[in-house]
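Okay, structure first, notes after.
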Amino acid sequence: VSSPADTGHLVLIDQTRLPGEVMELRCRTVQEVWQAIRQLSVRGAPAIGVAAAYGVCLAPHDPQYQEMDPIASVHAACDYLATSRPTAVNLFWALDRMREVAAQTGAGGLDAAFALPADRPALCRALIDEAQRIAQLDRETCAAIGRHGADLLVDLPVGAGILTHCNAGALATAGDGTALAVVYELARRGKRPHVWVDETRPLLQGARLTTWELMQRGIDCTLICDSMAPLVLRDGRVGAVVTGADRIAANGDVANKVGTYGLAVQADVHGVPFYVAAPHTTFDLHLPEGSQIPIEMRPDAEITAGMGTMTAPAGVACLNPAFDVTPARLIRGLITDRGAITTLDQGTIAATIAAERG
Ligand code: MRU
């Protein structure tokens, strides 16, 4: 994700084209950013938040909002971007921060120069500064997650397997990722991790994205179909499972890419520790438990013709939730930028996450 600061548009890698092509997508309007998020050109909870924040910066220039006061255009853009995807809470967290900047600007709170709500250049500068802070915070949280995760997995034997699901790497964040930040940090520490990558039906984020980014970085990995995970777990090839998260409830229940719950059950059966790596911005402490997390339902065609080829008869009934919820009892630890939480209860989680939530 690159900043619209100088160019007036947002540049993203179009992840729907990977691994075949590395193509840039240029978003010039708020609607184009909404579309990029909706169609998963940019995806992964933290990256969605960062992209949306930059998307808000486009609002004061966007012809769609020309009739509005620039501050009203920011709020309208936030309302609209909030409808792009419902599950990753990082989206709403980032939009709230952008709204706050607009509100302060309108009240003249940032600087005397902001006394006039129509001071468009000052508002634009404040928005871009905030979006860049959000991106920078994400880079720092990724690095901290990597360090805490590598400390936690210190006893993993050299060359041990780590199994992951979906893509929780650099492509999903502004930094090194969450689950994969742990892998990269282990590699930096000379542990030579081997990553088992679930292909991740139906949109193959594991096969298309995780293997691609691991290979770019020279990390050993093996791609498996999701249905093969129980075999590699049973055969003792995996020392730990580490996934990302889209939203974590106050009790430690985790919403992540559909299939994560099944993987946690399999890991539990085979006595393999199951960890979730996520920044504090992925916690939603207002929700007591995971059953309250809104789960996105995606089009049937993603199952019946996900990569363009028909793989099921036309008209077949489908159920296509993009995420599932893994209960806290199946999770050995939450690896956050504020430390690893290995006792998953409301008090411990709140003490780690709520204390300095920013
Ligand atoms: O539908 P996606 O590809 O946005 O789903 C992404 C995931 O489920 C990731 O595991 C999660 O967002 C964490 S990314 C650091």
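Accessible surface calculations at 1.4 Å, restricted to protein heavy atoms, place the chain at 40 Å² per residue.
Starting from 0 in steps of 5 Å, tell me what percent of the Cα-Cα pairs of the range 174-290 lands in each bin. Binned Cα distances yield the sequence 2, 11, 20, 23, 22, 14, 6, 1, 0. Among the GluC sites (Glu not before Pro) found in the range 292-358, those both in a DSSP coil and sparsely packed, with 13 or fewer other Cβ atoms within 10 Å of their Cβ, are Glu356.
For the chain, with all protein chains in place and a probe radius of 1.4 Å, 54% of the accessible heavy-atom surface sits on carbon or sulfur. Looking at the range 284-358, the trypsin sites (Lys or Arg not before Pro) that sit in a DSSP loop and have at most 13 other Cβ atoms within 10 Å of their own Cβ are Arg357. When the surface is traced with a 1.4 Å probe over the full set of protein chains, Met307 keeps roughly 110 Å² accessible. Based on C-alpha pairs under 8 angstrom that are at least 6 apart in sequence, the chain has a relative contact order of 15 percent.
Any idea what the dipole of the chain comes to, in debye rounded to 20, about its Cα centre with Lys/Arg Cβ at +1 and Asp/Glu Cβ at -1? Spell out each step's value before the answer.
Working: 29 positive and 39 negative charges, 147 e Å.
Here the size comes out at about 700 debye.
The distance between label points at Asp79 and Val158 comes to 6.0 nm (points 7 Å beyond Cα on the Cα→Cβ vector). Computed from backbone phi with θ = phi - 60° and the Karplus coefficients 6.51, -1.76 and 1.60, the 3J(HN,Hα) list for the range 223-233 is 7, 10, 5, 3, 6, 8, 4, x, 5, 5, 5 Hz; x is used for glycine and proline.
Nearest 5 percent is fine: what portion of the DSSP beta bridges confined to the chain is antiparallel? All intermediate terms of the calculation are to be shown ahead of the outcome.
Working: 16 of 36 bridges.
Within the chain, antiparallel bridges account for around 45 percent of the total.
The Cα trace of the range 74-216 gives Rg and Dmax of 19.6, 61 Å, the first to one decimal, the second as a whole number.
The label point for Met68 and the one for Ala312, both projected 7 Å from the Cα toward the Cβ, are 3.7 nm apart. A dipole drawn for the chain from +1 and -1 charges on Cβ atoms has a positive end, and of Val158, Gln104, Leu171 the residue lying farthest that way is Val158.
Compute the Rg to Rh ratio over the chain from the alpha carbon atoms, using the Kirkwood formula for Rh, and round to two decimal places.
Details: Rg = 20.4 Å, Rh = 20.7 Å.
So for the chain, dividing Rg by the Kirkwood Rh gives 0.98.
Classify the range 157-216 as rounded, prolate or oblate from the Cα gyration tensor: take a ≥ b ≥ c as the square roots of its eigenvalues, call it rounded if a/c is under 1.5, otherwise prolate when a/b beats b/c and oblate if not. Please list the in-between numbers first.
Values: a/c = 2.36, a/b = 1.43, b/c = 1.64.
It comes out oblate by the Cα gyration axes.
Taking the Cα centre of the range 232-318 as reference, the dipole from Cβ charges on Lys and Arg (+1) and Asp and Glu (-1) amounts to some 240 debye. Once you divide the Cα radius of gyration of the range 222-351 by 2.2 N^0.38 Å, the number left is 1.16.
Translational D (Stokes-Einstein, µm²/s) of the range 280-358 at 37 °C and 0.692 mPa s when Rh comes from the Kirkwood sum over C-alpha pairs? Each step should come with its number before you reach the end.
Details: Rh = 15.4 Å.
Calculated translational D: 213 µm²/s.
The distance linking the range 174-231 with the range 146-167 is 11 Å (Cα centroid to Cα centroid, whole angstrom).
Taking the Cα centre as origin and putting +1 on Lys and Arg beta-carbons and -1 on Asp and Glu beta-carbons, what dipole magnitude results for the range 213-358, to the nearest 20 debye? Display every interim value, and only then the final one.
Details: 10 positive and 16 negative charges, 50 e Å.
Here the size comes out at about 240 debye.
Remark: the range 20-145 projects, on average over all directions, an area of 8.3 nm² (convex hull of Cα atoms).
Give, in nm to one decimal, the length gained when the segment between Leu285 and His270 is fully stretched (0.36 nm per residue of separation minus the Cα-Cα distance).
Stretched fully, the Leu285-His270 segment lengthens by 2.3 nm.
If R0 is 25 Å, the Cβ-Cβ spacing of Arg28 and Met297 corresponds to a FRET efficiency of close to 0.25.
The values are calculated or read from the model by the stated rules, or taken from the named source; none is laboratory data. Since the structure is predicted, the reported quantities are computational estimates derived from the model, not experimental observations. Note: ideal-geometry Cβ built from the backbone for every residue, glycine included; neighbour counts use all protein chains shown. For the accessible areas, the whole protein counts, side chains as well, though only heavy atoms, and no ligand, DNA or RNA atoms are used. Shrake-Rupley method; radii C 1.70, N 1.55, O 1.52, S 1.80 Å.
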